[in-house]
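Colleague: Have a look at this one before I ask anything.
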Amino acid sequence: MRIMAFDYGTKRIGLAVTDPMQIIATALGTVHPEEVWDYLTKYMQTESVETFVVGKPLQLDGTASESAQHVVGFVRKLKKTYPSISVVEIDERFTSKMASAAIALSGKKKSKRQEKGLVDTISATIILQTYLESK
């Protein structure tokens with residue numbers, strides 16, 4: 001059974017998933033928030049997921065950020081749509097900065113490093129990797 005992570009944004013949702021043994025986090029890409037439910041329906045037809053991990057946007061002081069309300073709605077719908085799959089929220093405060101740094105270190109051109117979809121995908125992977133390391 002896999003673990004799937006989400007870096008929720010109002011324009012894009014970054015997605016990452018583990019291998020069935022839950023050892024390696026791999027980027028899946030991004031989907032528009034309106035398309036995420038169709039994407040999940042198709043994905044779940046061929047793969048088993050036991051846990052959803054959702055990045056929780058917090059301010060530096062640990063309070064909820066402005067975008068947190070969107071994540072609350074997303075988590076609520078995840079739990080309602082997939083009641084048998086546990087949902088875990090983890091702090092995502094520095095994932096975008098870490099993702100940008102990882103992309104920079106990969107040697108990609110600056111135009112590629114600034115591509116928001118790539119940052120969101122890598123952020124979801126970092127969220128998932130963080131969760132795996134905490135288990």
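Colleague: Among I3, I23, I90, which is the only one that is assigned to a strand (DSSP E or B), at pLDDT below 95, closer than 14 Å to Y131 by Cβ and not small (G, A, S)? Quick ask: steps written out before the conclusion?
Modeller: Working: I3 fails: at pLDDT below 95; I23 fails: assigned to a strand (DSSP E or B).
Only one candidate qualifies: I90.
Residue-wise test of (1) part of a strand (DSSP E or B); (2) farther than 17 Å from T130 by Cα; (3) modelled with pLDDT under 75.
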residue: G14; (1), (2), (3): yes, no, no
residue: A27; (1), (2), (3): yes, no, no
residue: G55; (1), (2), (3): yes, no, no
residue: D61; (1), (2), (3): no, yes, yes
residue: E66; (1), (2), (3): no, yes, yes
residue: Q69; (1), (2), (3): no, yes, no
residue: L78; (1), (2), (3): no, yes, no
residue: A99; (1), (2), (3): no, no, yes
residue: I103; (1), (2), (3): no, yes, yes
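The values are calculated or read from the model by the stated rules, or taken from the named source; none is laboratory data. Predicted model only: the values in this text are computed from it and were never measured. Cβ atoms come from the backbone with ideal geometry, glycine included; neighbour counts cover every protein chain shown.
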